[in-house]
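The values are calculated or read from the model by the stated rules, or taken from the named source; none is laboratory data. Note that the structure is a prediction, hence the values are computed from the model and not measured. Neighbour counts run over all protein chains shown; Cβ positions are idealised from the backbone, glycine included. These area figures cover heavy atoms from the full protein model, side chains too; ligands, DNA and RNA do not enter into them. Shrake-Rupley method; radii C 1.70, N 1.55, O 1.52, S 1.80 Å.
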Amino acid sequence: MFIPSMLLKQLYTHGSLQKTEDGLCFMLKNRLKDAHLEEILQISLDGKHISNEKITLKVGPDTLLSAEEVNASGNVPFPLREVITVFLDVKAKAGPEKLKLGIEFKAAPFGKLKFTVEDNISPIADKPAGIPRDPHDDYRPEIIEQRQQFFAAATGAPVDHISKYSIDPGTLRGNIEHFIGVAQVPIGVAGPLKVNGEYAQGEFVVPLATTEGTLVASYNRGVKLLNMSGGVKATVVDDAMQRAPVFIFSDARGARDFVKWVNENIDKIRDEAEATSSVAKLTYIDHFLSNKFAFLRFNYLTGDAAGQNMVGRATFAACGWILDNYEGIENFYLESNFATDKKASQINIMRTRGKRVTAEATIKREYKKY
């Protein structure tokens, strides 16, 4: 499986190369997809090969494996967003000078992966004074309890109530960071509301979280009126989620020619983007030229997900392929603010961001008294 070099380098956590009591360590984070580590082929520092007997990997919060044990197993889980800390039994001095760190290994389903990054060696890190976290498993009970204690000490507010919850914190991975608990809010229910949609058909109750008196009752009266008039007709008008990178050239002609090349290679760009997800589908790419800047607005279908992270990863992979195959790009930013995430913008009103839905209801004259 081909993976762009720019995307490969994102496996390495920059700034993680630091001294330890026994040598050096650095971190790798899976930013691609669920995988299994099969074999450590080579690690080098400034061109000097480090033998496997001097390499140890921390996989998960408590498991240490030598490189030989990893290679003998050939099947060490490396899920998406998981971190592996690599320990090197080598002597090196901390300092600001950049060193070349070469990494080569096999992982399923990717095959052989090889890349080189530059980083400087940081001194042995003192225990951080900030929020406690564990890069290997930040949702285990011990680290959550440490954060609860940190919060209580920092604010003087106890966590007696928010620390009691029925959900499994492990299911929150990728949804919230520095988790300490769950807030409880009053929830009322209105409905059921009759919906005549293209996908949702039937009667649905509507939970409403509020402490504003009479609000739920008001909604319930409105639902009653809508139901008496036949319910609500819902129509999906459009569906698109965007990521909008910008490519910078030496002049406007270079930006114009680049857009022409993108349009000619849309099928290959689509393949690279969709290879990162089983859900995301790249439907089309808008382009906008401004002087020497070429803005590309990638538009995706994302199924039932909102999909901002999904399309970010897909677009990053596509842009990695573009950077590897088109000469003349002077700079590149994954998000140019042309997708205008989480804020109102004219382009999102004119086009679409997310699901554009129209809900219609005709209130019959005889029900005006309600």
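Quick notes on this structure:
- Relative contact order [Cα under 8 Å, 6+ residues apart], region 93-231, whole percent: 15 percent
- Stokes-Einstein D (µm²/s) once Rh is taken as the Kirkwood radius of region 155-249 over alpha-carbon pairs, at 37 °C in 0.692 mPa s: 183 µm²/s
- Separation between Cα centres of region 63-125 and region 240-257, rounded to whole Å: 34 Å
- Coordinate range along principal axes, alpha carbons of region 278-370, Å, largest first: 69, 34, 19
- Near Ser66, the amide H atoms lying under 5 Å from its own belong to Leu57; only residues 5 or more places off or on other chains count, and H is placed 1.01 Å from N.
- Of Pro123, Pro158, Pro79, the residue with the greatest mean-square motion in the GNM of the chain, using alpha carbon springs below 10 Å, is Pro158.
- Computed over region 242-287, Kirkwood Rh from alpha-carbon pairs, angstrom: 11.9 Å
- With K and R counted +1 and D and E -1, the other residues having a Cβ less than 14 Å from that of Asn75 yield a net charge of -3.
- Region 254-262 - phi-based ³J(HN,Hα) in whole Hz, Karplus 6.51/-1.76/1.60, Gly and Pro as x: x, 5, 4, 5, 5, 4, 4, 5, 4
- Normalised alpha carbon radius of gyration of the chain [divisor 2.2 N^0.38 Å]: 1.26
- Stretched out straight at 0.36 nm per residue, the stretch from Ser122 to Phe293 would grow longer than its current Cα-Cα span by 57.9 nm.
- Spacing of the two label points (7 Å from each Cα toward its C-beta) at Tyr326 and Ser250, in nm: 1.7 nm
- If you take the Cα centroid of region 290-318 and the Cα centroid of region 154-193, the two points sit 31 Å apart.
- Debye log10 I(q)/I(0) at q = 0.10, 0.11, 0.14, 0.19 Å⁻¹ for region 214-328, Cα point scatterers: -0.44, -0.49, -0.63, -0.95
- Under 16 Å from Lys194, Cα to Cα: lysines that are on another chain or at least 8 residues apart: Lys224, Lys233, Lys364
- Estimated distance in nm for a label pair at Ala344 and Arg31, the labels positioned 7 Å out from Cα along Cα-to-Cβ: 3.4 nm
- Considering only alpha-carbon pairs that sit under 8 angstrom and 6 or more positions apart, the relative contact order computed for the chain is 14 percent.
- Local charge for Val236 was computed over the other residues whose Cβ lies under 11 Å away, with Lys and Arg +1 and Asp and Glu -1, and equals -1.
- Per residue, the convex hull volume that the Cα atoms of region 13-53 enclose (Å³): 114 Å³
- Other residues within the sphere of radius under 12 Å centred on the Cβ of Ser345, judged by their own Cβ, net out at +4 (K and R +1, D and E -1).
- Descending principal axes extents, region 172-215, alpha-carbon based, whole Å: 41, 31, 9
- Solvent-accessible area, 1.4 Å probe, carbon plus sulfur percent, for the chain: 52 percent
- Computed [θ] at 222 nm, deg cm²/dmol, the chain (DSSP H ≥ 4; -39,500 (n - 2.57); rounded to nearest 500): -7000 deg cm²/dmol
- Applying a threshold of 24 Å to the alpha-carbon distances of Lys58/Lys93; Lys54/Lys106; Lys33/Lys355; Lys98/Lys292; Lys260/Lys292; Lys114/Lys292 flags Lys33/Lys355; Lys98/Lys292; Lys114/Lys292 as lying beyond it.
- Short-range pairs are left out: with C-alpha atoms under 8 Å and at least six residues apart, the relative contact order of region 46-158 is 22 percent.
- Each of Met241, Gln308, Asn291 was placed along the dipole of region 239-310 (beta-carbon charges, centred on the mean Cα), and the one lying farthest toward the positive end is Asn291.
- Highest-fluctuation residue, Arg313, Arg270, Arg351 considered, GNM on the chain with Cα pairs under 10 Å: Arg351
- A 1.4 Å probe run over the chain, with the rest of the protein chains in place, finds 57 Å² accessible per residue.
- Chain lengthening between Tyr333 and Thr63 when straightened (0.36 nm per residue, less Cα-Cα): 93.5 nm
- Taking a ≥ b ≥ c as the square roots of the Cα gyration tensor eigenvalues, region 107-186 comes out oblate, since a/c reaches at least 1.5 and a/b does not exceed b/c.
- The HN-Hα couplings worked out from phi for region 203-214 by the Karplus form 6.51 cos²θ - 1.76 cosθ + 1.60 (θ = phi - 60°) are 10, 10, 7, 10, x, 10, 8, 6, 10, 8, x, 6 Hz, whole numbers, x standing for Gly and Pro.
- In terms of its alpha-carbon gyration tensor, region 1-141 comes out rounded; the largest-to-smallest axis ratio a/c stays below the 1.5 threshold.
- Spin-label model, Glu264/Ile167: points 7 Å from Cα along the beta carbon direction are separated by 5.0 nm.
- Binning the alpha carbon pair distances of region 74-144 at 5 angstrom intervals from zero yields the distribution 3, 10, 15, 20, 18, 18, 13, 4, 0, expressed in whole percent.
- Of all beta bridges that DSSP places with both ends in the chain, some 95 percent have antiparallel geometry.
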